[in-house]
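To start, the structure under review is shown below, and the notes come after it.
The values are calculated or read from the model by the stated rules, or taken from the named source; none is laboratory data. Since the structure is predicted, the reported quantities are computational estimates derived from the model, not experimental observations. Backbone-built Cβ (ideal geometry, glycine too); neighbour counts: all protein chains shown. With ligands, DNA and RNA removed, areas are computed over all heavy atoms of the protein, side chains included. Shrake-Rupley method; radii C 1.70, N 1.55, O 1.52, S 1.80 Å.
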Amino acid sequence: MGGIAPVDGGFYYVAVSAEGIPRAFAIYDYASRESREIAAAPRGTMGVGGLTVSPAGTELLYAAQVSESGSDLVLLEFGRARAD
């Protein structure tokens, strides 16, 4: 239903609702054993795959299923959030 992208000290992942709908992108920090949401999943996203994070931890790229017939590549840009 989602993706996972390992980074030094943790990993990024897609948090989903009880119905399995992507609701947010988050990072889990091994040292603190805590998760933190980074950005809400865009409205209408049905599924997420191919999650990857830039080396600086400031961009997240993923394939979003937005309809029954196809997917779009989406790039999220955010401030430094990596767990390292």
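Observations on the structure shown:
- Failed condition for Ile21, given (1) at negative phi; (2) at pLDDT 85 or above: (2)
- Among the residues making up the range 1-16, those that are modelled with pLDDT of 85 or more and small (Gly, Ala, Ser) are Ala5, Gly9, Gly10, Ala15.
- The set of residues in the range 33-60 that are touching a residue at least 40 places away in the same chain (Cβ under 8 Å) and either open to solvent by 50 Å² or more (accessible area, probe 1.4 Å) or within 17 Å of Phe78 (Cα to Cα) (or both) comprises Arg36, Ile38, Gly50, Leu51, Thr52, Val53, Gly57, Leu60.
- Qualifying residue in the range 39-47 (condition: of a type outside the set (Gly, Ala, Ser), touching a strand residue (DSSP E or B) at 6+ places or on another chain (Cβ under 7 Å) and at pLDDT below 75): yes
- Close pairs (7 angstrom Cβ cut-off, 6 or more residues apart or separate chains): surrounded by 16 or more Cβ atoms within 10 Å (Cβ to Cβ) in the range 7-27, part of a loop (DSSP other than H, G, I, E, B) and at pLDDT 90 or above anywhere: Gly10/Tyr30
- Residues of the range 66-84 satisfying the condition of being at pLDDT below 70 and surrounded by 14 or more Cβ atoms within 10 Å (Cβ to Cβ): Val66, Ser71, Ala81, Arg82, Ala83
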